[in-house]
Amino acid sequence: MIDERIFAEIRYERGRNDAPPGFPSMPEIPGGRYTRQDFFDLEVEHVFRKSWVMAGHVEEVPAPGAYKLFTKLLGAPILIVRGRDDVVRAFYNTCRHRGAPVVKDEAGRCNVLRCQYHSWAYDFDGRLIQVPDEHDFGDFDKEARGLIPVRCEIYRGVIFVNQDPDAAPLIDWMGPLAEEWSWTGLETLRVDYRWSRIIDCNWKCALDAFQEVYHINTLHGATVGAMLEYKAATMGLLPGGHSRMCVRYTGADIDNAPEGGWPPGEMYRRTSVAQTLWPCLNIPWGPGTGKFILFWPRGVAECEVEVLGVGEDWGDGPLPAERAANNEQFDNILMEDVLNLEAIQASLNSGAFTGMMLNYQERRIYWSHEQIDRAIGAAQVPEGLAVTPMLEPWVERMDGPQVPGR
Ligand code: FES
Ligand SMILES: [Fe+2]
């Protein structure tokens, strides 16, 4: 049972005075992975164009004809629309006439997708159904000029897209996280929080801050630092670059947690859980809340951090005061991280900085980097920028504790 194993691991982590026997010293992560345009271009091409990434929540397209634009993927304007058959689909927002955006509003609802340039009209399943003065095109096959589809799959109310037509199904991509997230009852939750900010730092700089708790006593002394015991943290490296971190709440008795509360599932109730779905989604779960944090590259030294929070349905009326206060607290925590990031990037850019030195507690970051190189292909990573793959033997096994002595 995963819960028991996690509690045992937390006890082990809390009690240890040394890194686990046999855990390797990780070589530094070359700084150029955060500053060089050629590496960034490879990430866009091989990571972001070929991964399942979260594109929204079904609440945003509640009825047939409801649509939203998803433009967070560099160079890929994507339109997400709910069909008459209730299926949510994604297409490039690119008219097959002369390439204009079919839809210009961020979101809306329509009877037909009518291009705002010359009024070519598409049905919600992408079929081209009407062309003004069609006879003037001569030999013309409407069927061949439907909107170009983008892979789109829903996991319990969360919309994911993948630009790679040959990608494996989302559920395979998610691996063990698909089951772990199912314990939260995600499909019954409502969106109760949104936040977004453009930050002058590489997307990984921002993501890294959410993949460890080594920094919480210093950077978040009055907030997360007071809530969590950073040393009582266990981390699961999962296949595909994904990972999980469970941290003991300060003073909590994980063996005798009170009953009740949400998210259900002992792991969620008794520890602070956060998972990373590689490449760019991190979800910290807390009592009554899950925050989907997305890290979107905008340039080698610029990203957007976008957060969508979900929680239990609160019925009609405004969000209960306690939840609103928790969300406000989350704003403060985010800002503590954000205010640190631009200065880090400036320092990375200086050239004086050669690379990042990670410790055992920061191994999730190294694991993400290993996966980036696997996606790009080792032979294509520019000279001097590769990370040495070494954490595979430390990937979580499903049959028991990983570390000797636990
Ligand atoms: S570009 Fe869309 S109708 Fe002309
Ligand atoms: Fe932080």
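The set of residues in the stretch 99-112 that are within 13 Å of ligand 1 (Cβ to nearest atom) and either among the small types (Gly, Ala, Ser) or out of contact with any Cys (no Cβ under 9 Å at 6 or more places or on another chain) (or both) comprises Gly99, Ala100, Lys104, Val112.
Reported count of residues in the stretch 171-184, each being surrounded by fewer than 20 Cβ atoms within 10 Å (Cβ to Cβ) and either in contact with a Leu (Cβ under 8 Å, 6 or more places away or on another chain) or of a type in the set (A, V, I, L, M, F, W, C) (or both), is 5.
Conditions tested, residue by residue: (1) in a helix (DSSP H, G or I); (2) touching a residue at least 60 places away in the same chain (Cβ under 8 Å).
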{"site": "Phe7", "(1), (2)": "yes, yes"}
{"site": "Glu13", "(1), (2)": "yes, yes"}
{"site": "Pro20", "(1), (2)": "no, yes"}
{"site": "Phe39", "(1), (2)": "yes, yes"}
{"site": "Val44", "(1), (2)": "yes, yes"}
{"site": "Val81", "(1), (2)": "no, no"}
{"site": "Lys104", "(1), (2)": "no, no"}
{"site": "Asn111", "(1), (2)": "no, no"}
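Of the candidates Pro258, Pro263, Pro318, the single residue that is free of Cβ contacts under 8 Å to residues at least 40 places away in the same chain and either within 18 Å of Leu189 (Cα to Cα) or within 16 Å of ligand 1 (Cβ to nearest atom) (or both) is Pro318. Counting only helices (runs of 4 or more DSSP H) wholly contained in the stretch 183-277, the ones carrying 1 or more residues that are under 27 Å from Pro30 (Cα atoms) occupy 203-208, 216-219. Close Cβ contacts (under 8 Å, 6 or more residues apart or on different chains) running from residues in the stretch 332-357 that are in the same structural domain as Phe210 (by TED's automatic domain parsing) and part of a helix (DSSP H, G or I) to residues that are among the polar types (S, T, N, Q) and modelled with pLDDT under 95 comprise Asn332/Thr223; Ile333/Thr223; Glu336/Thr223. Is it fair to say Leu294 is aliphatic (A, V, I, L, M) and touching a residue at least 24 places away in the same chain (Cβ under 8 Å)? Answer is yes for this residue.
For the stretch 213-234, the tally of residues that are surrounded by 18 or more Cβ atoms within 10 Å (Cβ to Cβ), near ligand 2 (Cβ under 10 Å from one of its atoms) and more than 14 Å from Ile344 (Cβ to Cβ) stands at 5. Of all the listed residues (Pro27, Pro62), the sole one being over 22 Å from Thr94 (Cβ atoms) and either at pLDDT below 95 or in contact with a Lys or Arg (Cβ under 9 Å, 6 or more places away or on another chain) (or both) is Pro62.
Gly405 meets all of the listed conditions (1) of a type outside the set (D, E, K, R); (2) farther than 30 Å from Gly221 by Cα; (3) modelled with pLDDT of 95 or more but one, namely (3). Which residue is farthest from Trp394 (Cα to Cα), if the candidates are limited to the stretch 22-37 and must be outside any loop (DSSP other than H, G, I, E, B) and of a type outside the set (S, T, N, Q)? Filtering first and then ranking leaves Gly32.
Here Thr94 does not fit the description of being outside the structural domain of Val47 (by TED's automatic domain parsing), among the polar types (S, T, N, Q) and under 30 Å from Leu186 (Cβ atoms).
The values are calculated or read from the model by the stated rules, or taken from the named source; none is laboratory data. Predicted, not measured: the structure shown is a model, and the values here were computed from it. When we count neighbours, we look across all protein chains shown, and the Cβ atoms used for this are built from the backbone with ideal geometry, even at glycine.
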